[in-house]
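What follows is a single structure, written as structure tokens, with notes after it.
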Amino acid sequence: MKEGFNEYGEPTLERMDDYRGTASKQKKSVIRWVIISGLILGVFYAAARYYFWDAGEKELNIPQQEKIKHF
């Protein structure tokens, strides 16, 4: 068995780059851009949902005996 790998051939936590906070600058930059783009997409989604939100029609006050019953 190779050092830094478990019995299934997968790297252990100690073997991974970012286990002790030693990730490369490129990896940190990619993670930062993924988070920023997710936040921006979330803001656009929330704004579009607020803008296109439909409250629907107001409830009509129909007496109970006049309502159509479905069985």
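Karplus-based coupling profile of the range 33-40, in residue order and whole Hz: 5, 5, 5, 5, 5, x, 5, 5, with θ = phi - 60° in 6.51 cos²θ - 1.76 cosθ + 1.60 and x standing for Gly or Pro.
One decimal place: the segment I40-Q26 gains 2.9 nm when fully extended, by the rule 0.36 nm per residue minus the C-alpha distance.
Straightening the chain between W33 and T12 buys 4.9 nm, computed as 0.36 nm per residue apart minus the Cα-Cα spacing.
With 10 Å bins from zero, work out the P(r) of the range 1-53 over every alpha carbon pair and list the percent per bin. The percentages, shortest bin first, are 21, 24, 23, 17, 11, 3.
Every number in this text was worked out from the coordinates using simple rules, so none of it is lab data. Remember, predicted model here, so these are calculated numbers, not experimental data.
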